[in-house]
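The values are calculated or read from the model by the stated rules, or taken from the named source; none is laboratory data. Just so we're clear, the structure is a prediction, and the values are computed from it rather than from any experiment. Because the Cβ atoms are built from the backbone with ideal geometry, glycine has one as well, and the counts that use them run over all protein chains shown. With ligands, DNA and RNA removed, areas are computed over all heavy atoms of the protein, side chains included. Shrake-Rupley method; radii C 1.70, N 1.55, O 1.52, S 1.80 Å.
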Amino acid sequence: MEPLIKFENVCYTYTGNDAEPGMFAVHDLSLEIKEGEFVAILGHNGSGKSTTAKLMNMILAPNSGDIYVEGNKITGRELTDEDVFEVRKKIGMVFQNPDNQIVATIVEEDVAFGPENLGVPSQEIRKRVDEALDIVGMREYARHAPHKLSGGQKQRVAIAGVIAMKPKCIIFDESTAMLDPMGRKEVMNTIRRLNKEGMTVILITHYMNEAVLADRVIVMKSGEIYEQGDPKDVFCNVERLWEAGLEVPQTTELIFKLNKKFGWEIPLGVYDFDTCARLVTEKIKEVRGENVGN
Amino acid sequence: MALDVTIGQYYGTGSVIHRLDPRAKLLFVLTFIVSIFVAKDVYAFAFLALVVIASVLISRVPIRLVLKGLKPLVIIILFTSVLNIFLTRGEELLFTKEIIKDFWTVNIYKEGLINAALLALRIIILLMGTSVYFSYATTPIELTDGLERGLAPLKKIKVPVHEFAMMMTIALRFIPTLIDETIKIMNAQKARGADFSTGGLIKRAKALIPIIIPLFVSSFRRAEELATAMECRCYHGGNGRTRMNVLKMKIRDYVFIFLSLTMLAGVILINIYANGYKLL
């Protein structure tokens, strides 16, 4: 099957031009995202992860290289507005600051904004808005003013606004970065549920415990892919991630350090606090038992 | 810092007036304003005052709330009245006194008093009428919607009606956000020892600069992010855009428009045929 999004040797630079490229924000990037996948993109500030997201839905156009959406090439030719809408209809985006992406003064009006722009008939918009608000669990706030909601609620409204456009894929560009732990949890639960229902999710984040939920992790450094694969495999490579200036999940870090210090061999791919605690206690008991035995 | 900002003064009661189409209300307010300025006869004023009182009663907005809305304008009302008392020349002199010999004489005529009262009444009913229909019984968003739809024919002569309505919506949306931001910046500056409450006018005005500059900077950043977010949601101006809530004129709206026009006709007829006191 065609991948939903495909990058081929994509380069992008904010400074400089084609003839004299300055610093590359994205350099020679090739990647594929399949339909229904949950991909997390990790990286330090300035690693090019947000630029990658903006390239995906044509906010930015690459300096060189090609991008395909569902097999259609979206680079290297003059594009009409129609082409751009086709892509943005398929690939929605939720940004970091919920305040700066809500347009209307009433929640449901804001959710309706996207479909209205697409020229969807009124009754169909009504239906989509109700569905989208149900999915994010904000139906009861439909007539509320957005500025009176909490950060997590606002971000869920923003997500509903994208869902109402019926995209195939949603990119979350650090959408949990400005939220408190409660809000972050609300938003992450929504994202996971969306993915389970078949939505392709691209999650750009700083938080490792969010990234471990993904099917695949892409770690970026200086505009290039530094590491990618199953989160368990990627995070087990603790020292390599540290080199890239990234944290690993706290549980992995603890087990890694214990293993190193005592020569234990507890598996690293544990992200759940309870399991981690159980494994460590068992190990301690085992070691003590041995000591007593001696 | 959840500041509870109410934009406008919407007071929802679900009355007939609340449920009218905003375009019908716009048209009513227009004819109402014209009527007020056309009115010359005392009876015409009485008629319009009745219309306002009936509107307030039907809308079920508490009369005290409506009167409170007049408070900020009391000075203007008093000022025009006082000017009228002293400056109107009529026939029936009530009071005269020479204050500076051969130079300044105060004359108060009966007509001056009546004129002053009528002008005050004119301002009061104008304010009460428009505020009941526009701010108490119509949400800002309905109003913007009504304006966009009502003025849609002007698009033919290239008036950017949709763009104006969009700007209004975004402005309304960002008022509370920017108020929050202002308070945050003020607190940040206070924490560094800024002083906004002492000193003369110039010193205080200068103290505001460290608030205004960061506020502008952040507004520009917000504007850019909002523009990107809107683009991502396929915003491309008013062409080919549909709406979720389509305004539909119902029978009651047409009846209401008919009543508005009747009101205007009534005022004109009263002006011609009634023989009450006429405004000078």
Original post:
Given the pairs A:LYS49/A:LYS73; A:LYS148/B:LYS158; A:LYS73/B:LYS155; B:LYS71/B:LYS248, which are separated by over 27 angstrom at their Cα positions?
Top reply: A:LYS148/B:LYS158; A:LYS73/B:LYS155; B:LYS71/B:LYS248
Subject >> For segment A:1-124: accessible area per residue (Å², 1.4 Å) >> reply: 41 Å²
Subject >> Efficiency of FRET between A:GLU224 and A:ALA177 - r from beta-carbon atoms, R0 22 angstrom, step 0.05 >> reply: 0.45
Original post:
Looking at segment B:137-178, which residues lose a minimum of 50 Å² of accessible area between their chain alone and all protein chains in place, measuring with a 1.4 Å probe and not counting ligands or nucleic acids?
Top reply: B:ILE141, B:ARG173
**OP:** Specify the residue with the greatest mean-square fluctuation among B:ALA223, B:ALA39, B:ALA137, computed from a Gaussian network of chain B linking alpha-carbon atoms under 10 Å apart.
**Re:** B:ALA223
Subject >> Furthest towards positive pole of dipole, B:MET128, B:GLY237, A:GLY92, structure part the protein assembly as shown, Cβ charges >> reply: B:MET128
Subject >> Loss of accessible area when A meets B, both sides summed, Å² nearest 100, probe 1.4 Å >> reply: 3100 Å²
Subject >> Which of A:PRO231, B:LEU147, A:ALA145, positive extreme of dipole for the protein assembly as shown (C-beta unit charges) >> reply: B:LEU147
Subject >> Proximal lysines to B:LYS278, defined as alpha-carbon separation beneath 25 angstrom and excluding residues fewer than eight positions away on the same chain >> reply: B:LYS40, B:LYS110
**OP:** At 0.36 nm per residue, minus the direct Cα-Cα distance, what do B:TYR273 and B:VAL159 gain on full extension? Give it in nm, one decimal, please.
**Re:** 36.9 nm
**OP:** Place a label point 7 angstrom from the Cα of B:ASP195 along the Cα-to-Cβ direction, then list the residues of segment B:206-228 whose backbone nitrogen is under 18 Å away.
**Re:** B:206-211
Subject >> Cβ neighbours within 10 Å from other chains - mean over A:136-149 >> reply: 2
**OP:** Tell me the label-point distance for the pair A:LYS148, B:TYR254, using the 7 Å Cα-to-Cβ offset, in nm and rounded to one decimal.
**Re:** 3.7 nm
Subject >> Solvent-accessible surface ranking, highest first, for A:LEU79, B:LEU172, A:LEU203 at 1.4 angstrom >> reply: A:LEU79, B:LEU172, A:LEU203
Original post:
So what is the calculated 222 nm ellipticity per residue for chain A, using -39500 (n - 2.57) for each DSSP H run with n of 4 or more, over all residues, to the nearest 500 deg cm²/dmol?
Top reply: -12500 deg cm²/dmol
Original post:
Shielding of B:236-246 by partners, i.e. mean partner chain Cβ atoms within 10 Å per residue?
Top reply: 6
Subject >> Listed peptides B:71-80, B:112-121 by packing density, highest first (mean Cβ within 10 Å) >> reply: B:112-121, B:71-80
Subject >> Average beta-carbon neighbours from other chains, 10 Å sphere, peptide A:80-92 >> reply: 2
Original post:
Counting only heavy atoms of protein chains, what accessible area per residue, in Å², does segment A:249-294 have with a probe of 1.4 Å?
Top reply: 72 Å²
**OP:** State to the nearest 20 debye the size of the charge dipole of chain B about its Cα centre, where the only charges are +1 on K and R beta carbons and -1 on D and E beta carbons.
**Re:** 440 debye
**OP:** Based on the mean of other Cβ atoms within 10 Å per residue, sort peptides A:216-225, B:25-34 so the most packed one is first.
**Re:** A:216-225, B:25-34
Original post:
Quick one: with all protein chains in place, what share of the accessible area of segment B:1-132 is carbon or sulfur, to the nearest percent (1.4 Å probe)?
Top reply: 70 percent
Original post:
If one puts a single equal scatterer on every Cα of segment A:5-246 and applies the Debye formula without solvent, what log₁₀ I(q)/I(0) results at q = 0.09, 0.10, 0.14 Å⁻¹?
Top reply: -0.39, -0.48, -0.93
Original post:
Okay, helix-only estimate at 222 nm for chain B: each DSSP H run of n ≥ 4 adds -39500 (n - 2.57), divide by all residues, round to 500 deg cm²/dmol; what do you get?
Top reply: -21500 deg cm²/dmol
Subject >> Portion, in percent, of the accessible area of chain A that falls on carbon or sulfur, probe 1.4 Å >> reply: 48 percent
